[in-house]
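The values are calculated or read from the model by the stated rules, or taken from the named source; none is laboratory data. Computed from a prediction, not measured in an experiment: that's the story for all the values here. Ideal geometry is used to build each Cβ from the backbone, glycine not excepted, and the neighbour counts take in all protein chains shown.
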Amino acid sequence: MKQFFSVADVSNLSNIVDEALRLKQAPFAYEQLGKRRTLGLVFLNPSLRTRLSTQKAAMQLGMDVMVMNMDKDGWALETRDGVAMNGATVEHIREAAAVMGQYCDVLGIRSFPKLQDREEDYSEDLFRKFSSHCGVPVISLESATRHPLQSLADLITIREHWLEPRKPKVVMAWAPHIKALPQAVPNSFSEWMCRAQAEGMVDFTIAHPDGYALAESFTQGATIANTLDDALVGADFVYVKNWSSYNDYGQVLPVKEQWMLDNRKLAITNHANVMHCLPVRRDLELASEVLDGPQSLVIREAGNRVWAAQAVLKRMLDDN
Amino acid sequence: MKQFFSVADVSNLSNIVDEALRLKQAPFAYEQLGKRRTLGLVFLNPSLRTRLSTQKAAMQLGMDVMVMNMDKDGWALETRDGVAMNGATVEHIREAAAVMGQYCDVLGIRSFPKLQDREEDYSEDLFRKFSSHCGVPVISLESATRHPLQSLADLITIREHWLEPRKPKVVMAWAPHIKALPQAVPNSFSEWMCRAQAEGMVDFTIAHPDGYALAESFTQGATIANTLDDALVGADFVYVKNWSSYNDYGQVLPVKEQWMLDNRKLAITNHANVMHCLPVRRDLELASEVLDGPQSLVIREAGNRVWAAQAVLKRMLDDN
Amino acid sequence: MKQFFSVADVSNLSNIVDEALRLKQAPFAYEQLGKRRTLGLVFLNPSLRTRLSTQKAAMQLGMDVMVMNMDKDGWALETRDGVAMNGATVEHIREAAAVMGQYCDVLGIRSFPKLQDREEDYSEDLFRKFSSHCGVPVISLESATRHPLQSLADLITIREHWLEPRKPKVVMAWAPHIKALPQAVPNSFSEWMCRAQAEGMVDFTIAHPDGYALAESFTQGATIANTLDDALVGADFVYVKNWSSYNDYGQVLPVKEQWMLDNRKLAITNHANVMHCLPVRRDLELASEVLDGPQSLVIREAGNRVWAAQAVLKRMLDDN
């Protein structure tokens, strides 16, 4: 594996999920594989779960890890070509990526969208340039439009908690928030679930209020509902997540109905497991009674981030 | 040992000091003990000595270390229960702690008091919630009211530098400062020294100006003096430290007398060793002539932070 | 080697370059040498290449690495002696250095000049005090007036890319910038090249506009040109770098002529290799057509930072 950016970089979902679950059983089985190899983690935005879980996964494979926090002020990167750099940016991504590729065997990079220019964000210009100029395998630690390590961990979590022979009904439910959040996590979860549905693993429904439709390229094959209660009927997993509007790009549109999942709404489901990528705002996005209740998987889901990252890193090391 | 938060978490002071001194003689004697174990260090406030010494101690035990700087702006944690998180906080400590516990075998956390609401600070709400939700052993890297790794290092330093059969007289002397500092270090030193006094190791005196009495629960058994010169008579160790008022909570009260230890005042003592937890403001808290003089132990005291942390980590690994 | 601060700390340039190139061939040949030893990297200013390459070099020698970012706000260090610290600084460099020396076997420190008081910057007060108080070997990670790890990497790069028997002509060419940059990189490159010239390795020319002469102590033996085109004739290596004025200290003086190296100017040279320490502002300091062209060595030059650091660290470990 030379790149882990979207679901398209994985040829068979079942195989990588199985590999992750084997690693969970034997975390140190490949601790020689990464010896003398270095993982560089580059954060243009803050990170808690992604950073710690990926660092942990790399260490369990025997790798050394170097973390680089490059926030906007300290080291602003230029991504545009053909402009004289006489402004605020101090280094072009061409050089920054190529240099980091000199020091690392595998790189990971996180860069959030600005949520101002949809075309720019959805071009994934920064990730693509970083990947093409660094010369080593690259893992997305969340890009403008996707968060594939999260989605793989989510799929692992669903697989782990579903033992029945029939396919589970998975519902991704939009949730309220006071800030405009990217579509990266829901886009990514949706493209992974659509693919899982195509591979016969799940039935996938997305529920969101009017105005919150995701880009169609991420939702091919999903059932779309505009009422939360209807979508929840028969749900085995509810994946709660806020996102800002894709059509009115980056806007927080007014929503009248109650979209926060609480115990009353949870009772509509088929005793569903509840997931959230975290961080979660309690009693705004998701009721505390659900988060603290027995159906919540959120902590174990976060724990599975390690095995998602380790499976991906292992494949990159295997190929190297 | 499942928690290291206060002196109450140590059953016998002599034993842990002896263990620390043995580790100082043979730093790598247990370098297999921590293999494949991860220590996570979470800083909500800046740290120099605590971070480096604890990291060093963990590495000497063979552990991997992940450091997480979570300052107020980047990742503000909610600690209150029962509030809708529609403000500035982005994650609740319940989730943050539980998630970090998924990635680490031992956690350490630093969080200073706000010095605005005494009851809130002295409830140690943040540390307690972090500890109860993370699911793994937790070391305080300084909390609102205590700094136990510092106090253990201080006790090690006193033991190391006292070879006479009689008990040394230890004086904690308030010192001037221009900022309002927490009571964590003096509270903690006092509760450790009161316990050491109870175990027959030292005689302990606290000297402070009017209005600077610490909370009584930390000073049981200590002799209290309100005049520096009187307290210094016969002192074998002088522990210099500023703190803000506990009664007029967090206030810097005017003090007329000269409370900065200089060579003239040091001459009153029994050729005392001088200690300070650092950082120290020269010629404000403590005279340069003392800091640079032959009786100053401050650098060796800072060096002993490694062995304090290593003894605590070793106990946590032993029990795990 | 007890200190790596300037070219004067290296007794023979050829020997250390050869050692670095051997390490490049066998990066892990000495991976036992640094076992149980800790490198501390202290950054008072941002760093990308220096931090990652030095960290990588240390890990390849088996060392543990602790990185400490101490920016101005978080942990302002006092360097002056004899002042009461009742202002913004929270710790004196005497204590900070001595404490870090307690935790580390080798230390590196980066501190940029303020570009306000030439005498203060050129006294190298901060580096000298840090070095004299920490008690362990110290590597400059760029100080007020020098950047020796960069210069050693530059010399390695020249050696690697010059196979002819005659000496190459090396030209350091001033380049435009919109900000006032330190003289550290050009000072350092110049003192290393003057020394390399004295050892018979290169012919060295510096080209800069009027008003941009460097301090004479760094340029002894160099040919000085005030016209870029003249200097480029016969050049085998062009080292592009901006710096602010030394005479009008820290000022950006107006320059009328075109000083940015582009393909037209590059054609004047003897098909020269082009170097730059990075970060580089494209089409301001250096034309994109040159950076992206076949004569650019900038990425390999950055890659060689690892071997420069590893050769220096190896010498410090050898002597320890």
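For C:GLN310, the conditions (1) part of a loop (DSSP other than H, G, I, E, B); (2) in contact with a helix residue (DSSP H, G or I) (Cβ under 9 Å, 6 or more places away or on another chain) all hold with the exception of (1).
With respect to the conditions (1) assigned to a strand (DSSP E or B); (2) of a type outside the set (Asp, Glu); (3) touching a Ser or Thr at 6+ places or on another chain (Cβ under 8 Å), C:TYR239 lacks only one, and its number is (3). Just one of (1) surrounded by 24 or more Cβ atoms within 10 Å (Cβ to Cβ); (2) among the small types (Gly, Ala, Ser); (3) more than 30 Å from B:ARG282 (Cβ to Cβ) fails for B:SER143. It is (3). Within region C:52-63, residues that are within 7 Å of chain A (Cβ to nearest Cβ) and closer than 14 Å to A:VAL65 by Cβ have Cβ atoms under 6 Å from residues that are assigned to a helix (DSSP H, G or I) and hydrophobic (A, V, I, L, M, F, W, C) in these pairs: C:LYS56/C:VAL306, counting only partners at least 6 apart in sequence or on another chain.
Summed over region C:76-109, residues that are more than 23 Å from B:VAL290 (Cα to Cα) and over 25 Å from the mean Cα position of the chain (by Cα) total 1.
Show the residue pairs meeting these rules: Cβ distance below 6 Å; 6+ apart or different chains; first residue within region B:290-301 and modelled with pLDDT of 95 or more; second residue assigned to a helix (DSSP H, G or I). Pairs found: B:VAL290/B:LEU266; B:LEU297/B:THR157; B:ILE299/C:ALA98; B:GLU301/B:THR157. Just so you know, in region B:115-140 the residues that are surrounded by 22 or more Cβ atoms within 10 Å (Cβ to Cβ) and within 21 Å of B:MET193 (Cβ to Cβ) include one that is farthest from the chain's Cα centre (by Cα), and it is B:ILE139. Close contacts from region C:209-228, counting a first residue that is touching a residue at least 60 places away in the same chain (Cβ under 8 Å) and a second that is in a loop (DSSP other than H, G, I, E, B), with Cβ to Cβ under 7 Å and a gap of 6+ residues or different chains, come to C:ALA215/C:TYR246. For region B:64-94, taking the residues that are of a type outside the set (A, V, I, L, M) and within 26 Å of A:MET68 (Cβ to Cβ), the one that is surrounded by the fewest Cβ atoms within 10 Å (Cβ to Cβ) is identified as B:ASP73. Assessment of region B:30-49 against the conditions (at the interface with chain C (Cβ under 9 Å from one of its Cβ atoms), outside any strand (DSSP E or B), aliphatic (A, V, I, L, M) and more than 22 Å from B:LYS114 (Cβ to Cβ)) yields no matching residue.
Scanning region A:68-84 for residues that are of a type in the set (Val, Ile, Thr) and within 9 Å of another protein chain (Cβ to nearest Cβ) turns up just one, A:VAL83. Of the residues contained in region B:97-107, one or more are found to be surrounded by 24 or more Cβ atoms within 10 Å (Cβ to Cβ), in contact with a Leu (Cβ under 9 Å, 6 or more places away or on another chain), assigned to a loop (DSSP other than H, G, I, E, B) and within 11 Å of chain A (Cβ to nearest Cβ). With the structure loaded, tell me whether C:ALA215 is outside the structural domain of C:ALA173 (by TED's automatic domain parsing) and within 21 Å of C:SER190 (Cα to Cα) or whether it fails that test. So C:ALA215 does not fit the description; no. Considering region B:292-310, and only residues there that are of a type in the set (A, V, I, L, M) and closer than 17 Å to B:ALA235 by Cβ, the residue that is farthest from the other protein chains (Cβ to nearest Cβ) turns out to be B:LEU297. Condition (residue is under 21 Å from C:PHE4 (Cα atoms) and either in the same structural domain as C:CYS194 (by TED's automatic domain parsing) or not in a helix (DSSP H, G or I) (or both)) applied to region C:124-131: is it met by at least one residue? Yes - at least one qualifying residue is present in region C:124-131. The set of residues in region B:253-289 being among the β-branched types (Val, Ile, Thr) and either more than 13 Å from chain C (Cβ to nearest Cβ) or without any contact (Cβ under 8 Å) to a residue 40 or more places away in the chain (or both) consists of B:VAL255, B:ILE268, B:THR269, B:VAL274. Tell me yes or no: at least one residue of region C:230-252 is in contact with an Asp or Glu (Cβ under 7 Å, 6 or more places away or on another chain), within 15 Å of C:TRP174 (Cβ to Cβ) and within 14 Å of chain A (Cβ to nearest Cβ). Yes, that holds for at least one residue.
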